[in-house]
Structure formats: C-alpha cells, structure tokens
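To start, the structure under review is shown below, and the notes come after it.
The values are calculated or read from the model by the stated rules, or taken from the named source; none is laboratory data. All values derive from a computational prediction rather than experimental measurement. Cβ sites come from the backbone with ideal geometry, for glycine too, and all protein chains shown count toward neighbours. Areas reflect the complete protein model, heavy atoms only, side chains present, ligands, DNA and RNA absent. Shrake-Rupley method; radii C 1.70, N 1.55, O 1.52, S 1.80 Å.
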Amino acid sequence: MYFNKLSIFIFLLLICSCGKQGSSGGNSNASSSNVVSTYSILNSDDNIAQTIKNSHNPYYVITNRAAATLSVCAMDTNGNLGNCVNTQKPNGGSTADAVGFSNNYAYITRHGSVTGTVGAITICSYTASTGTFYTCFDSGAANLVGPEGLKIFNNSAYVIDSNSNAVKICPNATSGSLASCYDSGISSGLLNYPTNITFKGLKAYIVNFLGNSILLCDYNSATGGLGNCTNLSFNFNWPHSISFNGSFAYVSATSSNIIAMCPLNADGTLGTCSNSGATNLNAPRGNIQFVNGNAYVASTNSNIIYKCPVNSNGTLGNCVDSGASGISTPFSVDKIP
C-alpha cells in the first residue's frame, strides 16, 4: 500500500512539474493573471530582474518627460494598460526621464531644460500595492548637468549625466539619499551624449545616443566600479536604450523609429543588429519591458506605450496601443516592484 501511494504521489508531482515548465515560456500570449513569466524574469535585462520582486503587482509607471509628471497604470489579464492616474510633479523639476527602484524608494531623473535649468534626481516614497507615489524630495546628488538614464544595481545608483558625458556612481541607494555620488572614471572621450545604462551579469552597457554606439564595460562586483570599456558600433541612428530578453539585446533606435535586435555573444559583445520588426513606433525611448510574451515600448512622439508580441525567434510583431491614457512624451515604462 505504501509503495502504491508513493508511486501515485511521484506521478502527480511529475505532472505538476511538467505543467509549470510548460507555462513559463516567455512567448506565451495567454495569461490568467498579472504574473510576469519566469522566462521574462530570468532572461530579461537586469532592470526587470531586480525590480520585479512581487510579480503579482499590476502597476506600471510611465515618465511624461515634458510635463515632468508620472502616470501610473494597471495591467489587466490581457496585458493592456488602463486606469491610468497622472501624478502631480514630484517635488517640481523641469522633466521626468527615467525611474529606478530601491527599498521602497523611487528615483526619478530630471534632465533639466534647454534653457539651462540644472538637472537633479528626485526621490519619492511609494506604496506598491496601490501604485501611489508620495513624500517626494531632492536626492542630494550634486554636480549634475543633465541626468537622463538611471539604474539601481547591487544597491548603488548608476546615473547617466548626458550633458556632461559622464556616468556617476551613487552608493547606498537604499538609504533614500544620493549625497555620496562620484564619477565612474570612464573617459569622456568614450562617451557621446550617453542616455541609458543596463547591466547584464558582470557587464555594463552604456548607450551613446549621438555616438551611435554602445559602450561595453566590465563591472567590478567588489568595488561597484566600471572599467575596461570598449565601444561597440551600432548600425542604426540615435540609439537611446538597451534591454535584454533571451539571447538578444534590444536597442531602441530613436531616429530610425525601430527596435533593433542584436545577438548576444558569450563574451558580452553584440552581433550584427537588425530590425526586430516592431511597427508603428515614432521615436522609441526607454527600457523595453518584456512581460508575458509582449514587449512594451515608449513611443515618445506618438504619446503611446506600444505592446508588441514577441515571436519564438525573438523578433517583434505588429505593435498596438497598450491602452495607457493621459500620457505625454513618454520616456520610459517600468513595472513598480
């Protein structure tokens, strides 16, 4: 009797395990909940892997650059964004560009304006269960000329100061203060109006918007520093950001109005990039979010967050409006952890 029960138990366990494996594919278009697929979390860029700690949370935040506000939208079971709420300007600021999350704080880059307004980084507390941002204040980060990109990685904030061609490293980002930032030491000659930084393993990828290149640097896990940097050429115009999903890097090419897909080599370099096939984009920017078989892209000039299906070979299909409303010059879309 014991043997029979044990056999039945093992049989049922195998069935359950197979079912779980079958449901984790990142390219499935069917979803019964707001859970981000295991494939997406494990194989996407580190922005998603780090910030999505509660994959049941349906809220996404969109930066409205020109209005300097944030829009918070909920994702439904079909992968559409709706019930969007536009916040007031968090602690003022002339723009809202990128968002990073750490320890119940949201860090928002404020690039500044063409009239010479000095940039800054705003910190807001937030409640994940409601998607609410509150109690916003200046981060204390000094000597910023035009911060645009930002990534929280291993408890440090990596800030792309576009106008000064610099990357700043701010340790202890979990404390709600960025008062101890220092220059990464990357030569300004390697940077040409950088706009975005993304980590993949022990590699950092910095996008040179005007240089049409991607700077690949080694990440020192002991010090948090960046070094041994090499520029990788990019064959489309005005790359703005880079994200990863599966064995490909996806680069938003703002001037070319495309998302380029580039094979990721074992040494961290990129193979020849090609058009991913994403349609309808007009000046795409910001990190691409890969969720349940779809890619979500901020299309700045059309004021739309597009939802593009991810095909089995990594290409992107016809993009449609995700449903996010009330947004203006969106620069990024990120899941609230």
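What the table below lists for this structure:
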quantity: Filter pass, Tyr134 being open to solvent by 60 Å² or more (accessible area, probe 1.4 Å), touching a strand residue (DSSP E or B) at 6+ places or on another chain (Cβ under 7 Å) and part of a strand (DSSP E or B); calculated: yes
quantity: Members of the stretch 312-324 found to be in a loop (DSSP other than H, G, I, E, B) and either of a type outside the set (Val, Ile, Thr) or in contact with a helix residue (DSSP H, G or I) (Cβ under 7 Å, 6 or more places away or on another chain) (or both), listed by number; calculated: Ser312, Asn313, Gly314, Gly317, Asn318, Cys319, Ser322, Gly323, Ala324
quantity: Test result for Lys151, under 27 Å from Pro284 (Cα atoms), at pLDDT 90 or above and either loosely packed, with under 15 Cβ neighbours inside 10 Å or of a type in the set (Lys, Arg) (or both); calculated: yes
quantity: Asn318 being over 30 Å from Ala68 (Cβ atoms), in contact with a Pro (Cβ under 9 Å, 6 or more places away or on another chain) and open to solvent by 20 Å² or more (accessible area, probe 1.4 Å); calculated: yes
quantity: Residue that is under 20 Å from Phe209 (Cα atoms) and open to solvent by less than 60 Å² (accessible area, probe 1.4 Å), where the choices are Thr69, Thr122, Thr95, Thr87; calculated: Thr95
quantity: Residue list for the stretch 292-301, filter: surrounded by 17 or more Cβ atoms within 10 Å (Cβ to Cβ) and at pLDDT 95 or above; calculated: Gly293, Asn294, Ala295, Tyr296, Val297, Ala298, Ser299, Thr300
quantity: Residue that is modelled with the highest pLDDT, among those in the stretch 35-58 that are outside any loop (DSSP other than H, G, I, E, B) and buried (at least 23 other Cβ atoms within 10 Å of the Cβ); calculated: Asn47
quantity: Candidate set from the stretch 325-337 (those that are assigned to a loop (DSSP other than H, G, I, E, B) and open to solvent by 10 Å² or more (accessible area, probe 1.4 Å)); member that is nearest to Lys151 (Cα to Cα); calculated: Pro337
quantity: Positions within the stretch 82-114 being closer than 17 Å to Arg285 by Cβ, of a type in the set (A, V, I, L, M, F, W, C) and part of a strand (DSSP E or B), in sequence order; calculated: Val99, Ile108
quantity: Residue match in the stretch 191-207 (condition: within 18 Å of Pro147 (Cβ to Cβ), of a type in the set (Gly, Ala, Ser) and open to solvent by 20 Å² or more (accessible area, probe 1.4 Å)); calculated: no
quantity: Candidates Asn287, Asn282, Asn311 - the one that is surrounded by 17 or more Cβ atoms within 10 Å (Cβ to Cβ) and touching a residue at least 24 places away in the same chain (Cβ under 8 Å); calculated: Asn287
